[in-house]
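Taking it in order: structure first as structure tokens, then the write-up.
The values are calculated or read from the model by the stated rules, or taken from the named source; none is laboratory data. In this text the structure is predicted, and so the values were computed from the model without any measurement. We place every Cβ from the backbone using ideal geometry, glycine too, and count neighbours over all the protein chains shown.
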Amino acid sequence: MQTSPDIRAIEVTPHPVVLDTGPIEIVIDVSATRVSTMYGWLTAPDGIAYPIGFTDRHAPCGWQATHLLRPGAPEGPWRVEVRAGETSAGHDFDVATRGTRAEVRFTDFDAQPPQVPRGELARLTGRAELVKNGATGPGGGLDVVLAFREDNVCGWRELAEAVTDDLGRFTVGGPVVASGDWRAEVRTTSEAIGGRSEAVFVEATSYRPYATQIVGYQVRRLGQEIVHTGRLRGKPVSTWEWLSNQRIWVFYREPGAPSGAFHSAGRSTVTRVDQRGRFEARTLMRSGGAWRVEYFGTARAGGDRSGPRPAP
């Protein structure tokens, strides 16, 4: 039986941290199990580490720490490291100063329809603009990440990606895993400070589902790609049978990330099962970390996920 601590998710709010004329308090929320004490530290881009203390909070996240960042703090990627017993995990976040670059702002974000059968796609649409010194313009050519947080669960998962058109608009299908919130995010780059949209709730509808299983999931390296193979079966009546024409999604967890931080690895990380339940997907090679595949089910079929596989 596993008794060691498990750090499932880390959230930093706000993100990005945009410094202006006054200090900003950042909040670090952590979801973990089998934990009695927790501590951590923030590491700035210049390598200086700042210890942070966690207090036991109410669900869903469970543990929380705060830290005050003042104007003049180093800009760039910061990292929060969390330790519980012999278990540790990290999470990166961005710090920037207002006025140095344009800022991304979402003027619209929506998910339709508001109720979607589990396993189907919600239509996620939005528009981003760039703001600097009071002037605004369309945010064209921006990489947008669509993240989902299940209702009453700590931690966001990146499940889809899109690119804005010349007017800053984007449309993409997001897999409805469960009822919960969706949001859009653009990460900070050398050209612009990133931003996040407001969250939009989507309800997943379903009947009492029958059981499904992903079996024989394997990963292997082929040149500069990772090949993912396996099979999907279901038990709609009394016996198992191979399922066909269902979506299988591929997710990746970076080295040192929380155990639940499996995110979309690119816009081509979804494939379909053939008539004999078999699937194959290809992703770009990653160094270290772990992979897994998931089937989100349908209104009548329950979902399933594979165990993690180390990157070959």
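Among the conditions (1) without any contact (Cβ under 8 Å) to a residue 12 or more places away in the chain; (2) on the phi > 0 side of the Ramachandran plot, the only one that residue 76 does not satisfy is (1). The sole residue among 176, 144, 186 that is closer than 29 Å to residue 7 by Cα, buried (at least 22 other Cβ atoms within 10 Å of the Cβ) and at pLDDT below 95 is 176. Against the numbered list (1) hydroxyl-bearing (Ser, Thr, Tyr); (2) under 30 Å from residue 202 (Cβ atoms); (3) modelled with pLDDT under 95, residue 107 comes up short only at (3).
Of the strands (runs of 3 or more DSSP E) that lie entirely inside segment 175-225, those containing 1 or more residues that are in contact (Cβ under 8 Å) with a residue 60 or more places away in the chain and under 22 Å from residue 152 (Cβ atoms) span 180-186, 200-205.
Of the residues making up segment 19-61, not one is crowded, with 16+ Cβ neighbours inside 10 Å and among the basic types (Lys, Arg).
Can you name the residue in segment 197-228 that is closer than 29 Å to residue 241 by Cβ and among the basic types (Lys, Arg) and is also surrounded by the most Cβ atoms within 10 Å (Cβ to Cβ) among such residues? Among them, the one singled out is 220. Checking residue 164 against (1) of a type in the set (Ser, Thr, Tyr); (2) buried (at least 19 other Cβ atoms within 10 Å of the Cβ); (3) under 29 Å from residue 7 (Cβ atoms); (4) not assigned by TED's automatic domain parsing to the domain that holds residue 241, only one condition comes out false. Which one? If we test residue 164 against (1) of a type in the set (Ser, Thr, Tyr); (2) buried (at least 19 other Cβ atoms within 10 Å of the Cβ); (3) under 29 Å from residue 7 (Cβ atoms); (4) not assigned by TED's automatic domain parsing to the domain that holds residue 241, just (3) comes out false. Kindly indicate whether any position in segment 283-297 is in a strand (DSSP E or B), acidic (Asp, Glu) and buried (at least 19 other Cβ atoms within 10 Å of the Cβ). Checked segment 283-297: at least one residue is in a strand (DSSP E or B), acidic (Asp, Glu) and buried (at least 19 other Cβ atoms within 10 Å of the Cβ). Output the residues belonging to segment 84-128 that are surrounded by fewer than 18 Cβ atoms within 10 Å (Cβ to Cβ), of a type in the set (Lys, Arg) and either free of Cβ contacts under 8 Å to residues at least 60 places away in the same chain or in a strand (DSSP E or B) (or both). Scanning segment 84-128 gives a single hit, 123.
The set of residues in segment 122-136 that are modelled with pLDDT of 95 or more and hydrophobic (A, V, I, L, M, F, W, C) comprises 122, 124, 128, 130, 131.
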